[in-house]
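The structure under discussion appears below in the form of structure tokens.
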Amino acid sequence: MKTMIAITNAHLVGGKGTLLLEGDRIAAVGGDIPAGAEILDAKGAHVAPGIVDLGVFSVDKRACIAGGITRIALMPDQKPVLDEPGIVQRAALAAKPDLWVHPLAAATRGLAGIELGEYAMMRKAGAKAVSTGRGWVADSGVMHKVLTYAASLGLTVISHAEDAGLAAGAVATASETSTRLGLSSAPAEAEAIAIARDLMLAELTGARLHFRTVTTAKGLDLIRSAKARGLAISCGISPAHLFLSEVAINDFRTFARLSPPLRAEGDRRACVEAVRDGTVDVIGSAHDPRGPEVKRLPFADADPGAAGAETLLALSLGLVRDGVVTLERLFELLALNPSRLLGVDCGRLEVGAPADLVFFDADSPWQIDAAKFVGQAGNTPFDKLPVQGRVLKTMKGGRDLS
């Protein structure tokens, strides 16, 4: 007999009343508590669908559970690259039973941008989308084939948006800051150029295309225009590009070395407005835990990336407090939209949906402390930042993981 749990005294995000779980599914929203149900008193906490983190670089269970993340879409940039069915299948099983892992199939073998992988076989093995990984497919003919093949299978292509010719070797955005620091840089237009090419190919092929991280005003304008024309286009962003500008790399702070790099303040503001007006569809952590051996180096030699899973919700709640989005809209960006993009039925508090939940106190103040991260590494550019919003409990399939 399936266990029944009635969650009471909760502020449901997108719902009202008692939330009833039966086994690993939501059985009812609102209504009476059945006899014999186990009572779980939320004590006034918010309860929302578990976060679906689109585009992480590491299976970091502890960080995800601490951050209210119940599912991750794993980037293909692994060792080995996710370009074979057996490798994809192993990745999908990597974190059971505590975390759903949805692998993204490498768009090309070895992510070299030359030869396509067997998407159909990788989809059967568990791949939920196709991704170019950290890099851009420079050959337009190859990218045309990627989009055509993926479209024939109903798979979304997740693309990195930086023109490889302009951005090769760059570690910062071309600006007064990068010049003063003596860092190799690329113009911000490298993003818009890459987006423009891929949009034309998407229109030509009819493929569904998602840009994992769009960070410039010009890039976002192209996304808006494509959506207005009815193209199946979406885009995402991370909190780092919403709340930090290139000023954060002063003093050669390698924890702020990201890919794509941090942009000018005007672009950062444009990103916030794009969240407000609906141009941005997904907010993800871009979780990329890196140890001191690759971060405690000169800026140009350090690997890009930041640990973001444990701070994703707290930072994103700042958008609610600032009036940029409502709490319900925030969880569309964090859970519902990424689940739809992956073709996974979750991200909502509705009857029949998986009982993947996050309990949080939206107002609880705390200070981000990299030294106290429970995940694989603490390479966050937000170290020592005061925030509000603390995850209290994470549930997967009705099971408490906290």
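Taken together, the values in this text are just the output of simple stated rules run on the coordinates, not laboratory data. Bear in mind the structure is a predicted one, so any value in this text is a computation, not a measurement. As a convention, Cβ positions derive from the backbone with ideal geometry for all residues, glycine included, and neighbour counts pool all protein chains shown.
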Quick one: what are the phi-derived ³J(HN,Hα) couplings along the stretch 345-359, Karplus 6.51/-1.76/1.60 with θ = phi - 60°, whole Hz, x for glycine and proline? 7, 6, x, 8, 9, 9, 4, x, 6, x, 7, 9, 9, 10, 9
Rounded to whole Å and sorted largest first, what semi-axes of the equivalent ellipsoid does the C-alpha gyration tensor of the stretch 170-212 yield via the square root of 5 times each eigenvalue? 31, 8, 6
Obtain the nm distance between the two label points defined at LYS218 and ALA35 by a simple spin-label model: each point lies 7 Å from its Cα along the Cα-to-C-beta direction. 7.0 nm
Inverse mean reciprocal Cα-Cα distance (Kirkwood Rh) of the stretch 45-84, Å: 11.2 Å
P(r), alpha carbons of the stretch 229-316 - 10 Å bins starting at zero, rounded %: 16, 45, 29, 8, 1
Kirkwood radius from Cα pairs of the stretch 188-283 plugged into Stokes-Einstein at 10 °C, 1.306 mPa s, gives D in µm²/s equal to 117 µm²/s
Let me know the volume per residue of the alpha-carbon convex hull for the chain, in Å³. 128 Å³
Per residue and in Å³, how big is the convex hull formed by the alpha-carbon atoms of the stretch 343-386? 142 Å³
Dimensions of the stretch 292-379 along principal axes (Cα, Å, largest first)? 51, 32, 24
Compute the label zone of LYS227 within the stretch 258-281: residues whose backbone N is under 19 Å from the point 7 Å along Cα-to-Cβ. 267-281
Determine the distance separating the Cα centre of the stretch 192-267 from the Cα centre of the stretch 46-118; give it in Å without decimals. 21 Å
Each residue of the stretch 84-91 in turn: what ³J(HN,Hα) in whole Hz from Karplus with 6.51, -1.76, 1.60 and θ = phi - 60°, glycine and Pro shown as x? 9, x, x, 5, 4, 4, 5, 5
Taking a cut-off of 15 Å, what percent of all Cα-Cα pairs in the stretch 299-344 are separated by more than that? 58 percent
With θ set to phi - 60°, apply the Karplus curve 6.51 cos²θ - 1.76 cosθ + 1.60 along the stretch 144-159 and write out the HN-Hα couplings as whole Hz, x wherever there is a Gly or Pro. 4, 5, 4, 5, 5, 5, 4, 4, 5, 9, x, 9, 6, 9, 9, 10
Per 0.36 nm of contour for each residue apart, how much would the distance between TRP366 and ASP251 grow if the chain were fully extended, relative to their Cα-Cα spacing? 38.8 nm
Sorted by chain and number, the residues with a modelled amide H under 5 Å from that of GLY308, at a separation of 5 or more or across chains, are HIS287, ASP288
Restricting everything to alpha-carbon atoms, can you work out Rg to Rh for the stretch 96-234 with a Kirkwood hydrodynamic radius? 1.01
Report P(r) for the stretch 1-76: all Cα-Cα distances, bin width 5 Å, range 0 to the bin holding the largest distance, values in whole percent. 3, 15, 21, 18, 16, 13, 9, 4, 1, 0
